[in-house]
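Engineer: I have a structure I would like to understand better, so I am pasting it below and will then ask my questions one at a time.
None of the figures in this text is laboratory data; all of them are computed from the coordinates on show. The structure displayed is predicted, hence computed values, not measured ones. Please note: Cβ atoms are built from the backbone with ideal geometry, for glycine as well, and neighbour counts cover all protein chains shown.
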C-alpha cells in the first residue's frame with residue numbers, strides 16, 4: 001500500500017487531468033467524484049498496481065476509462081435517456097465574456113453529441129495534452145485508430161461550431 | 001485549409017476546463033486511506049470460508065437471475081441424466097427373466113403354422129453362392145482352347 005505522501009503526490013499530479021477526463025465522460029460531478037475516489041482506493045489497496053508503470057498518466061487514464069465505462073453500463077438505457085433530456089453539464093470553466101461563454105456552451109453541446117469513443121480521444125488530445133501514442137496506450141487502441149477518431153471528432157465539432165466561430169473571428 | 005483546422009484546434013485548446021473542487025483532495029485521500037485500511041483489516045479478521053463466500057458473491061452478484069437460471073438448467077440436465085441411467089437396468093431385468101411356458105408353446109405353434117404356409121417343414125437355407133471360375137481374358141486363349 002503506497003504511503004500518504006505518495007498518494008498525495010499522485011493526486012496533485014494527476015487528479016485535475018482525471019477530473020476533466022471523467023467529467024467529460026460522465027457529465028456528472030457526483031459520479032466523477034465517486035469514480036475518482038474509486039481509482040484512489042484501488043491504488044491504495046493494490047500496492048503492485050503502479051509498480052513498473054512508466055507512464056503513470058496514461059495508466060491512470062486507463063483505470064479511469066474502465067471505471068467510467070463500467071459506470072455507464074451500470075446506469076443502463078433508462079438513465080441514458082434521462083441524461084439526454086437533462087441539461088448538458090459543461091466540462092469548461094465559465095467565461096466572463098458572454099460571446100466566449102456562448103462558444104463554450106456550444107462546444108460543450110458539440111462534445112456531448114460525439115460518440116463516446118471520439119469524445120474520449122478529443123478530450124485527451126485537446127485538453128489532456130496527450131499524444132496519439134499516449135492516448136493509444138491509455139485506451140488500448142492502435143495509434144492510427146486514435147488519430148482517425150480525433151479527426152472525425154474535430155470535423156464534427158468544426159461543422160457544428162463553424163457559423164459561430166466565423167462570426168467571432170469577424171468580430172475580432 | 002490545414003491552417004484553418006490548426007487555428008480551430010488552437011481555439012479549442014484555449015478553452016479552460018473546469019477546475020477540480022479544492023475540497024475533494026482531503027475527502028478523497030482520507031476516504032481512500034480509511035476504506036483501504038478497513039478493508040485490509042476485515043480481510044485479515046475473516047475466516048477462510050467467509051472470504052470464499054465473499055469472492056463467490058462478488059462473481060455471482062452482477063447477474064443473480066442469469067446464474068440461477070443456469071443452475072436450474074444444470075439441475076434439469078442432471079435429473080434427465082439420472083432417469084436415463086435407470087432405464088437400461090429395468091429393461092435388463094425384464095429380458096433376463098425366462099418367458100412363461102404358455103408363451104413358448106404359442107410361439108412354437110406359430111412357427112409351425114408359418115412353416116406350413118410356406119410349404120416346408122424346415123426353414124429354407126439361403127441360396128448357395130455360385131463358385132467363382134475365372135474365364136479366359138484374352139482372345140488368343142480362346143483360339144487355343146477352340
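Engineer: Just to verify a number: FRET efficiency for residue A:16 and residue A:140, C-beta to C-beta distance, R0 = 22 Å, to 0.05?
Structural biologist: So the FRET efficiency works out to roughly 0.40.
Engineer: Once you average over the residues of A:17-27, how many Cβ atoms of partner chains fall within 10 Å of each Cβ?
Structural biologist: Averaged over the peptide's residues, the number is 2.
Engineer: Can you tell me the FRET efficiency between residue A:168 and residue A:133 if r is taken as the Cβ-Cβ distance and R0 is 35 Å, rounded to the nearest 0.05?
Structural biologist: Result of the calculation: an efficiency of 0.60.
Engineer: Here is a follow-up. What number, in nm² with one decimal, is the all-direction average of the projected area of the convex hull of the alpha-carbon atoms of region A:93-172?
Structural biologist: The directionally averaged projection comes out at 5.6 nm².
Engineer: Modelling each spin label as a point 7 Å along the Cα-to-Cβ direction, I'd like the residue B:85/residue A:6 distance in nm, to one decimal.
Structural biologist: The modelled label-to-label distance comes out at 5.4 nm.
Engineer: If I fit a long axis through the Cα atoms of helix A:143-171 and take the longest principal axis of the Cα atoms of chain A, what angle between them do I get, 0 to 90°, rounded to 10?
Structural biologist: 40 degrees
Engineer: With contacts defined as alpha carbon pairs under 8 Å and 6 or more residues apart, what's the relative contact order of chain A in percent?
Structural biologist: In percent, rounded to a whole number, it is 24.
Engineer: Tell me the label-point distance for the pair residue B:51, residue B:78, using the 7 Å Cα-to-Cβ offset, in nm and rounded to one decimal.
Structural biologist: Label-label distance for residue B:51 and residue B:78, simple model: 2.8 nm.
Engineer: In peptide A:105-113, what is the residue-averaged number of other protein chain Cβ atoms found within 10 Å of each Cβ?
Structural biologist: Averaged over the peptide's residues, the number is 1.
Engineer: Related question: Per DSSP helix of 4 or more residues, -39500 (n - 2.57); summed, then divided by the residues of chain A. What does that give at 222 nm, rounded to the nearest 500?
Structural biologist: It comes out at -26500 deg cm²/dmol, rounded to the nearest 500.
Engineer: Can you give the extra length, in nm with one decimal, that the chain gains between residue A:54 and residue A:42 once fully stretched, where that is 0.36 nm per residue apart less the Cα-Cα distance?
Structural biologist: 2.5 nm
Engineer: A further question follows. For peptide B:19-30, how many partner chain Cβ atoms fall within 10 Å of a residue's Cβ, on average?
Structural biologist: Neighbouring Cβ atoms belonging to other protein chains average 5 per residue here.
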